[in-house]
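**Q** Quick one: structure below, then a few questions.
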Amino acid sequence: MEFRVLGPLEVVASGRQLHMGSPRQQAVLTALLLEANRVVPVNRLIDAVWWGNPPSSATANVRGYIAGLRRVLRRTGRPAERLVTRAPGYQLRVQPGELDLFRFEELFARGEAALLAGRGRQAAQDFEAALRLWRGRPLEAMPLGGALQAEVERLEEHRLLLMERYADTCLLLGRSDTLVPDLRRLAARHPLREGLWERLMLVLYRMGRPADALEAYAQVRARLADELGIDPGVRLRRLAQQILNADPGLDGTFPDAPAPDAHGPPAVLAQGGTEPEPPGADVLRHLPMDIAEFTGRDAELRRLGELADSAHGGTAPIAVVIEGMAGAGKTRLAVRAAHRFARRDRFGEIQLFADLHATDPRRGPADPADVLETFLRLLRVPAARVPHGTEGRAALFRARLHGRRALLVLDDVADEEQVRPLLPGDPSCLAVLTSRRRLAGLDGVHRLDLDVLGPPESVQLLRRVVGADRADDDPGAAARIAARCGGLPLAVTLAARRLQTRPAWSLAGLADRLDDDRRLLAELSLRDRSVSATFAPSYLALPDEQRRLFRLLGLHPGTAFTPASAAALAGVPVADAEKALEVLLDEHLLASAPEDRYRFHPLLRAYARQVADAEEPPAERAAAEDRVARHLRDTGRRAAPDRPPLWRRT
């Protein structure tokens, strides 16, 4: 299937052009295609159709247009899942190669990467292929409101940039004769764009037509004077003077290439063959601050250091995923390691950080296209040259990092699909990812499973926050606090912060409060931070069946359980329970235990019990406890009549 917007709107299936409905229905399709693979809110679809003056029935009408588009797509034999409902709107899914806009952006980015690498012939081929996708003005002959019109103008700007890059490449290769018709047509359509006239003049001069080149200059000078009352810019005036003087410098390279933010050709056209960076672009440091209270993790830091040392050899970049339960200190470890690398000048040139918000309930997971746009702007890519789609931005991002020592810290990754476009492709780069989820679908990455702190490190963290003198006055109470926190760095830190803000409290007093299971999680909170709030996004992201099993497991006797006992607790088949337990394991809501069992971290068990009490009716909790008690009793009797039950052995 093909979707075409670089010209009149067209949808083609099996070689046949489809009729996509009324003009308003086509406007909805257009808005979805311009944001393909992204959710388009209903209010933006309404703006695309009615241009700011919608009727009261606008939302219902949009639903009707969506239904109409689904009917057309369904008749092609394509699944209805191509156009899906996703709050707060709709998402049109396109596959690689189906949308001409995405192909254009990918070819443009690939051509720029080739040009920057000095591969002029390959760049010319990519630019030519990108230009062939254009069939006229974007969405030609279609009535457009302000929002869609702005998108069309943005696409037109990208087309002009492409034509300029293609002209630069042809000039570099000495094969610019065929450019004159296209440059004349574009210059006539955009008469105030001096970059087009500049290239037209140079092409004409190199063809042995200096008089025609000067006539082109006279045309643009007259147009600028008539419409704006100004003279041509310095570059255009200088080029005209060079043509008058038959300057031999015009015979080889493009003269005086401007900085990347200008509309002129890139500096790659100078004899050096590489694009110089603007002042200050050679060092880019965007890491968040490290903290002095960071404690332990010596083995993990050594491992990350070894991986960083290996990043400059071989043919593949190094990527490492730090995985672990909520509150284990994944972000702090990644940031500490990144600052160490920076101090040792392993990646002194580029250090980028992005929070991907997988577990931020207020914002939701970050769109990789938005993250790439931020990275590209930090890397001095002008806004007008940032491609529209994820694929094009990812290609340009990799091109910008080519041959450069770059460190990326990608924090709180939601899943493999989110992070793949953000990974660099150059062996000189290192990417450090953090995630609560096991990202098993990422190939070629190193994995670092981050456990909780041991008792000595937990006490040491407490001492660093509270103060060594205060903690050492009652080492027994300090150890009790660390133990009740289960070695979870977040919990230890919150407990220590409470002591820090309550100078009159004793460590023993807080330890006593933490000993009360009913108050444990409530005590591990401070203002807007709490252990419960940190666990909640992982729990809420689960499907209903797995959420139910998770909270019921908080009622399970003992600290470990088997698929069979979990199945009895939930009243489901063992196979279903085992599948759900594996999902909880991958989400780091459970841990493996000996003898093919599973176990909770103590604080996760307390949280599971808390949500069970809040969400399960008392009768269901009692029934679940009765089912698992009978199962454990019967299993124990069958396996070893004289052996204590499972929950007494754990």
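**Q** Please enumerate the residues belonging to the range 188-228 that are of a type in the set (A, V, I, L, M) and either farther than 17 Å from L239 by Cα or assigned to a loop (DSSP other than H, G, I, E, B) (or both).
**A** Matches in the range 188-228: A188, L192, M207, A225, L228.
**Q** What single numbered condition from (1) touching a residue at least 24 places away in the same chain (Cβ under 8 Å); (2) more than 36 Å from the chain's Cα centre (by Cα); (3) not assigned by TED's automatic domain parsing to the domain that holds L490 fails to hold for P573?
**A** Going through the list (1) touching a residue at least 24 places away in the same chain (Cβ under 8 Å); (2) more than 36 Å from the chain's Cα centre (by Cα); (3) not assigned by TED's automatic domain parsing to the domain that holds L490, P573 breaks only (1).
**Q** In addition: From the list L549, L510, L520, L524, exactly one residue is outside the structural domain of R436 (by TED's automatic domain parsing), surrounded by 19 or more Cβ atoms within 10 Å (Cβ to Cβ) and modelled with pLDDT of 95 or more. Which is it?
**A** Only one candidate passes the filter, namely L549.
**Q** Residue under question is V11, and the condition is that it be surrounded by 15 or more Cβ atoms within 10 Å (Cβ to Cβ), modelled with pLDDT under 90 and not in a helix (DSSP H, G or I); does it hold?
**A** Criteria not met by V11.
**Q** So, in the range 400-425, exactly how many residues are crowded, with 19+ Cβ neighbours inside 10 Å and over 16 Å from the mean Cα position of the chain (by Cα)?
**A** Going through the range 400-425 one residue at a time, the tally reaches 4.
**Q** A147 passes all but one of (1) closer than 23 Å to P23 by Cβ; (2) free of Cβ contacts under 8 Å to residues at least 12 places away in the same chain; which number fails?
**A** (2) is the only condition that A147 fails.
**Q** Across the range 564-598, what is the number of residues that are within 25 Å of A619 (Cα to Cα) and touching a strand residue (DSSP E or B) at 6+ places or on another chain (Cβ under 7 Å)?
**A** Counting residues in the range 564-598 that are within 25 Å of A619 (Cα to Cα) and touching a strand residue (DSSP E or B) at 6+ places or on another chain (Cβ under 7 Å) gives 1.
**Q** I would also like to ask the following. Could you please find all residues in the range 465-500 being surrounded by fewer than 19 Cβ atoms within 10 Å (Cβ to Cβ) and within 33 Å of the chain's Cα centre (by Cα)?
**A** Hit for the range 465-500 is R497, nothing else.
**Q** I would also like to ask the following. Need a quick list: helices (runs of 4 or more DSSP H) entirely within the range 424-537 having at least 1 residues that are free of Cβ contacts under 8 Å to residues at least 24 places away in the same chain and hydrophobic (A, V, I, L, M, F, W, C).
**A** The helices (runs of 4 or more DSSP H) meeting that bar are 455-466, 468-472, 520-523.
**Q** When the residues of the range 294-329 are narrowed to those that are within 19 Å of P424 (Cβ to Cβ) and hydroxyl-bearing (S, T, Y), which ends up surrounded by the most Cβ atoms within 10 Å (Cβ to Cβ)?
**A** S310
**Q** Next question. Could you list, ordered by first residue, the pairs with Cβ atoms under 7 Å in which the first is in the range 213-232 and without any contact (Cβ under 8 Å) to a residue 24 or more places away in the chain and under 19 Å from N245 (Cβ atoms) and the second is among the polar types (S, T, N, Q) and surrounded by 12 or more Cβ atoms within 10 Å (Cβ to Cβ), at least 6 apart or interchain?
**A** Within 7 Å, no pair qualifies.
**Q** Restricting attention to the range 125-143, report how many residues are in contact (Cβ under 8 Å) with a residue 24 or more places away in the chain and surrounded by fewer than 21 Cβ atoms within 10 Å (Cβ to Cβ).
**A** Counting residues in the range 125-143 that are in contact (Cβ under 8 Å) with a residue 24 or more places away in the chain and surrounded by fewer than 21 Cβ atoms within 10 Å (Cβ to Cβ) gives 11.
**Q** Just to verify a result, which residue in the range 163-191, among those that are touching a Leu at 6+ places or on another chain (Cβ under 9 Å) and among the hydroxyl-bearing types (S, T, Y), is surrounded by the fewest Cβ atoms within 10 Å (Cβ to Cβ)?
**A** S176
**Q** Inside the range 609-639, can you point out the residues that are assigned to a loop (DSSP other than H, G, I, E, B) and surrounded by 15 or more Cβ atoms within 10 Å (Cβ to Cβ)?
**A** The answer is E616, and nothing else.
**Q** Step by step: first the residues of the range 202-212, then only those that are within 46 Å of the chain's Cα centre (by Cα) and touching a residue at least 40 places away in the same chain (Cβ under 8 Å), then the one that is farthest from D168 (Cα to Cα). Which residue is that?
**A** Going through the qualifying residues, I end up with R206.
**Q** Please work out which residue is surrounded by the most Cβ atoms within 10 Å (Cβ to Cβ), limiting yourself to the range 367-391 and to residues that are of a type outside the set (D, E) and closer than 18 Å to L32 by Cβ.
**A** G389
The values are calculated or read from the model by the stated rules, or taken from the named source; none is laboratory data. Small disclaimer: the values here were computed from a predicted structure and weren't measured. Every residue, glycine among them, receives a Cβ derived from its backbone with ideal geometry; neighbour counts consider all protein chains shown.
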